[in-house]
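Structure, as structure tokens:
The values are calculated or read from the model by the stated rules, or taken from the named source; none is laboratory data. Here the structure is a predicted model, which means the values were calculated and not measured. All Cβ positions, even for glycine, are placed from backbone atoms using ideal geometry, and neighbour counts span all protein chains on display. For accessibility, only protein heavy atoms count, side chains too; no ligands or nucleic acids. Shrake-Rupley method; radii C 1.70, N 1.55, O 1.52, S 1.80 Å.
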Amino acid sequence: SVAFGSLIMPAVGHSHHSVAAWFDQSEMIEIEGELVELRWQNPHVLFTIRTTDQSGAETLWDVETFTVSGVRRWGITPDILAVGERFRVAGNPAWRDEHGIFVRHILLSNGEELIFGGNTTPRWTDQTVLASDLLPDTEGSVADAGRGIFRVWGTAVYTPFLLPELHNPALAHTDYPLTASARATLEAFDVVADDPTNNCVPKGMPAIMEQPYPMEFIDRGDVIELHIEEYDLRRMIYMTPVDEPAQASHLGHSVGRWEGENLVVTTTHVNWGHFDTVGIPASDQIEMIERFMPAADGARLDYSMTVTDPITFTEPVTIGKHWIWSPGVEVEAFECVVDN
């Protein structure tokens with residue numbers, strides 16, 4: 001099989017779609033104006049800022065940042081921002097919207113700077129709202145080793161991406177052993193119009209396992225429930241023989257077994273149609289074998305997935321990442337809101 005070494009990045013700030021596909025992360029621009037609307041919602045916190053040039057002409061800017069699930073864990077709350085106030089904003093310009101920006105920094109009228117993302121480097125001032133102690137942990141806790149896999153696992157800062165092409169779409173073309181038909185599908189894919197997560201449509205397998213928010217393994221006896229914060233999804237992993245489903249689904253049919261303390265899960269009957277969200281397809285022949293491998297001290301959960309799909313890949317593909325355990329982290333409501 002082909003194994004991929006994932007990029008090491010501040011993964012905690014993923015949005016539901018690929019930021020790199022929608023915004024130019026190689027460039028930073030600044031605007032200054034009045035906040036006229038704030039929508040504090042998943043899958044993205046959205047702003048509208050009105051700027052005025054020297055001639056008095058007004059422009060409305062569509063400003064986007066990470067999910068509520070991400071920014072609230074950095075200590076940024078909606079009461080920090082007030083409609084009617086003036087802000088300076090710096091971020092990545094949109095590829096297709098002349099007045100669109102993915103915000104990375106906001107300078108408030110009181111001189112404080114909000115920093116969105118997994119970094120702590122200020123742009124304008126050292127007086128930041130986001131202090132380093134508000135960031136997620138980089139390493140897990142060993143305080144409760146005996147619980148094994150059954151706990152809430154979260155994503156650390158600077159963790160490998162499971163699907164690095166979501167953050168550099170060019171990797172989809174160069175790093176996967178695609179069949180000719182899959183490559184043709186990828187090359188015809190429009191990252192804006194064809195995004196399978198538009199309008200809060202949940203990700204399916206395997207891409208949902210790329211999600212960066214907390215998830216919890218719950219022992220239900222013959223079934224292990226994997227509760228995933230993103231989209232409020234629940235995967236059921238059957239630990240005893242059951243009949244195969246009559247119909248496929250976007251999460252598929254998952255059967256698990258124990259190898260010591262490691263949970264090995266085989267998933268089939270997936271009809272989501274996508275390997276990722278930036279153009280690599282998946283067929284109904286896709287099969288995934290996952291290995292969840294908790295460390296003996298309980299601090300870390302290593303993960304690998306081997307994907308076999310003869311319609312999409314010329315050979316099996318193995319990808320991986322890890323999660324950590326931090327006391328007090330919980331799976332919270334995602335409550336995705338469809339934009340009209």
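Remarks
- Set Leu60, Leu107: member being in contact (Cβ under 8 Å) with a residue 12 or more places away in the chain and either over 27 Å from the mean Cα position of the chain (by Cα) or at positive phi (or both): Leu60
- Contact map, the stretch 208-219: first residue hydrophobic (A, V, I, L, M, F, W, C), second residue open to solvent by less than 10 Å² (accessible area, probe 1.4 Å) and in a loop (DSSP other than H, G, I, E, B), Cβ cut-off under 8 Å, separation 6 or more or different chains; pairs are Met209/Leu162; Met215/Glu229; Phe217/Ile149; Phe217/Arg151.
- Scan of the stretch 160-186 for residues that are touching a residue at least 40 places away in the same chain (Cβ under 8 Å) and assigned to a helix (DSSP H, G or I), ordered by number: Pro164, Glu165, Leu166, Ala172, Ser181, Ala182, Thr185, Leu186
- Asp232, sole failed condition from (1) touching a Cys at 6+ places or on another chain (Cβ under 9 Å); (2) of a type outside the set (Phe, Trp, Tyr); (3) buried (at least 16 other Cβ atoms within 10 Å of the Cβ): (3)
- Among the residues of the stretch 194-215, none qualifies, meaning not one is small (Gly, Ala, Ser) and surrounded by fewer than 18 Cβ atoms within 10 Å (Cβ to Cβ).
- Criterion (in a loop (DSSP other than H, G, I, E, B), open to solvent by 20 Å² or more (accessible area, probe 1.4 Å), of a type in the set (D, E, K, R) and touching a residue at least 12 places away in the same chain (Cβ under 8 Å)) met by exactly one of Asp276, Asp284, Asp243: Asp284
- When restricted to residues that are surrounded by 18 or more Cβ atoms within 10 Å (Cβ to Cβ), farther than 18 Å from Pro78 by Cβ and at pLDDT 75 or above, the stretch 103-127 contains 1.
- Evaluating Gly298 against the criteria (1) outside any strand (DSSP E or B); (2) open to solvent by 30 Å² or more (accessible area, probe 1.4 Å) leaves one unmet condition, (2).
This table checks each residue for (1) closer than 24 Å to Val331 by Cα; (2) at pLDDT below 90; (3) among the β-branched types (Val, Ile, Thr); (4) in contact with a helix residue (DSSP H, G or I) (Cβ under 6 Å, 6 or more places away or on another chain).
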| residue | (1), (2), (3), (4) |
| --- | --- |
| His17 | yes, yes, no, no |
| Leu35 | no, no, no, no |
| Arg39 | yes, yes, no, no |
| Thr59 | no, no, yes, no |
| Pro78 | yes, yes, no, no |
| Leu81 | no, yes, no, no |
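- Flag for Ala90 being open to solvent by less than 50 Å² (accessible area, probe 1.4 Å), within 22 Å of His167 (Cα to Cα), in contact with a Lys or Arg (Cβ under 7 Å, 6 or more places away or on another chain) and at pLDDT 85 or above: yes
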